[in-house]
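Reading through the structure tokens given below for one structure.
Coordinate-derived values only; no laboratory data. Since the model is a prediction, treat every value here as computed from it, not as a measurement. So basically every Cβ, Gly included, is an ideal-geometry build from the backbone, and we count neighbours across all protein chains shown.
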Amino acid sequence: MPLVDMKDMLQHAYRHGYAVGAFDLVSLDFLEGIMAAAERVRAPVILSLAESHFEYFDFELVMPAVEAAARRASVPVAIHLDHGGSLKSAMRAINLGCNGVMVDASHEPLSGNIQRTHAVVEMAHACGVPVEGELGYVPGIEGEDAELHPGEVSYTTPEEAKTYVEQTGVDFLAVSIGTVHGRMRGTPKLDFQRLEQINEALGIPLVIHGGTGLSDDQFRRLIANGVAKINYYTALSDVAAKQINENNRAGASSGFTALVKNIRTVVAAEAERCMRLWGGAGRADEVLSRCRPWMPVEHLIIYNVEGIDKVDAETMIAEGRRVLSTIPGVREVFTGAAVQDDAKYRYTWLVRFCHPAVIDSYRKHPDHVTFADTLFRPVAGERISIDYQAVDPVLAELLIIT
Ligand SMILES: [Zn+2]
């Protein structure tokens with residue numbers, strides 16, 4: 001259950017003057033370290049997966065582990081796609097379990113950025129998923145991933161930000177006010193006046209990318225001016241790499257496990273330091289009681305076919321599975337046939353939606369309409385259709401308390 005609605009989570013942080021860490025993970029060691037830190041200091045946390053890192057791990061394989069970590073947690077968690085490059089990648093991330101997505105078209109001119117972002121917002125909101133946009137450009141300077149963000153810094157202006165947010169409908173905005181991806185050269189100078197103006201103009205949670213290298217005081221001022229989500233990766237990568245080098249120097253040449261020993265510990269320590277500094281520590285219970293839990297819906301149909309044989313029925317089912325599983329917000333399509341010969345209903349569809357919003361958007365989706373009208377309904381005579389949501393004991397308990 002501790003997966004929570006990310007919009008609620010960041011609205012809570014925004015209203016109460018703290019920021020949630022969105023830590024990019026690149027391995028299970030990172031995932032465990034970040035979660036250990038959140039549990040230790042009772043902080044809400046965002047598990048972030050950057051598209052640029054998908055060459056280092058298989059997104060589809062890692063997501064079940066990320067979800068399992070969130071579900072067994074006792075602190076509120078959201079799962080976020082970081083720097084998604086296209087509508088397709090945002091859709092895939094949602095169908096694999098992300099409940100927040102970032103669309104990054106910040107390298108495009110304003111009109112192109114608005115157009116691409118709006119398309120993602122439309123799709124994601126129909127799945128109940130909030131969207132982070134980026135306006136202005138946060139370049140990379142040096143270190144981890146810096147080369148993935150080429151070019152010069154472009155600052156966000158309050159006027160453009162207002163237009164962008166109004167026309168795209170994004171829920172959070174990543175702003176460019178002087179940070180860089182990777183490591184800063186020298187002392188970073190941040191434009192706090194600009195940030196203050198953007199915050200006044202927008203009134204939505206703001207996001208900072210390139211948090212590594214900022215001073216404690218700079219973080220405090222960012223948060224005081226509307227920053228409610230801080231993306232953080234380079235420093236975690238640095239402490240992990242340092243640990244591997246130390247293990248190596250200490251003569252741990254005996255193998256892989258010896259070299260990567262204690263990565264979890266150092267990642268956890270750095271993440272914990274951030275959670276305390278950014279004010280998220282100790283907020284877990286408050287967030288859990290104030291934010292909607294993120295709960296899937298099971299769309300169940302049991303039915304009998306008329307006028308076609310078993311082979312034709314199986315062809316229809318296979319086609320349905322293929323078409324329906326690509327609709328935004330569909331986590332899984334299970335199709336089955338009754339085990340007992342005398343079952344009253346012979347066939348079933350069990351379609352898992354990521355969120356109740358998908359009940360409606362799925363029904364109206366052109367691919368669903370076409371399949372249902374031409375292949376399914378003409379042969380599925382007798383049927384029962386119901387949408388289920390889990391009865392969650394933790395939620396029930398919270399409702400009683402509040
Ligand atoms: Zn970034």
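If the segment from residue 259 to residue 304 were pulled out straight at 0.36 nm per residue, it would be longer than the present Cα-Cα gap by 10.4 nm.
The charge dipole of the stretch 244-402, taken about the Cα centre with unit charges on the Cβ atoms of Lys, Arg (+1) and Asp, Glu (-1), comes to about 720 debye, rounded to the nearest 20.
Only beta bridges with both residues in the chain are counted; by DSSP, about 45 percent of them are antiparallel. Between the residues 311, 335, 378, the greatest Cα displacement towards the positive end of the dipole of the stretch 260-402, with unit charges on the Cβ of Lys, Arg, Asp and Glu, is found for 335.
Using 7 Å Cα-to-Cβ label points, what is the residue 191/residue 167 separation (nm, one decimal)? Distance between the two pseudo-spin positions: 2.0 nm. Remark: C-alpha extents of the stretch 1-88 on the principal axes read 37, 27, 19 Å, sorted largest to smallest.
With the biggest extent put first, the Cα atoms of the stretch 72-118 measure 42, 18, 14 Å across the principal axes.
With K and R counted +1 and D and E -1, the other residues having a Cβ less than 15 Å from that of residue 336 yield a net charge of +2. Total lysine pairs in the chain at Cα distances under 20 Å, for residues eight or more apart or on different chains: 7. As I understand it, the dipole of the chain uses +1 on the Cβ of Lys and Arg and -1 on the Cβ of Asp and Glu, about the Cα centre. Which of 96, 245, 368 lies farthest toward its positive end? Positive-most Cα among the choices belongs to 245.
Label sites at residue 375 and residue 65, each approximated as a point 7 angstrom past Cα along Cα to Cβ, lie 3.5 nm apart. Relative contact order, whole percent, for the stretch 239-365 stands at 23, derived from Cα pairs under 8 Å and 6 or more residues apart. Less than 13 Å from a label point 7 Å out along the Cα-to-Cβ axis of residue 345: which backbone N atoms in the stretch 277-317 qualify, by residue? Inside the label zone: 299-305.
Can you work out D for the stretch 40-102 in µm² s⁻¹ from Stokes-Einstein, where Rh is the Kirkwood radius over C-alpha pairs, the temperature is 25 °C and the viscosity is 0.890 mPa s?
Using the Kirkwood radius from Cα pairs, D works out to 204 µm²/s.
Based on Cα contacts under 8 Å between residues 6+ apart, the stretch 206-257 shows a relative contact order of 41 percent. DSSP assigns beta bridges within the stretch 66-184; of those with both partners inside it, close to 15 percent run antiparallel.
Let's see if you can work this out: charge +1 on each Lys and Arg Cβ, -1 on each Asp and Glu Cβ, no other charges. What is the dipole magnitude of the stretch 70-181 about its Cα centre, in debye to the nearest 20?
640 debye
Axis of helix 234-249 versus longest Cα principal axis of the chain: the two differ by about 80°, to the nearest ten degrees.
Taking amide H positions as modeled 1.01 Å from N, with prolines and chain starts lacking one, the residues under 5 Å from residue 329 and 5 or more places away or on another chain are 95.
Modelled label positions at residue 56 and residue 311, each set 7 Å beyond Cα in the direction of Cβ, lie 5.2 nm from each other. Each listed q (0.07, 0.09 Å⁻¹) maps to a log10 I(q)/I(0) for the chain from the Debye sum over equal C-alpha point scatterers, namely -0.36, -0.58. Relative contact order for the chain: what is it in percent, counting Cα pairs under 8 Å that are at least 6 residues apart? Relative contact order comes out at 20 percent. Rounded to the nearest 10 degrees, the inclination of helix 110-125 to the longest alpha-carbon principal axis of the chain is 50 degrees. Here the chain is assigned +1 on the Cβ of each Lys and Arg and -1 on the Cβ of each Asp and Glu. Its dipole about the Cα centre then comes out at about 780 debye.
The angle separating the long axis of helix 6-16 from the principal Cα axis of greatest extent in the chain is about 40 degrees. Put simply, when 198-204, 266-272, 363-369 are sorted by average Cβ atoms within 10 angstrom per residue, most first, you get 266-272, 198-204, 363-369.
The alpha carbon radius of gyration of the stretch 231-345, expressed as a multiple of 2.2 N^0.38 Å, is 1.95. Projected onto its three principal axes, the C-alpha set of the stretch 264-402 covers 66, 33, 29 Å, listed from the longest axis down.
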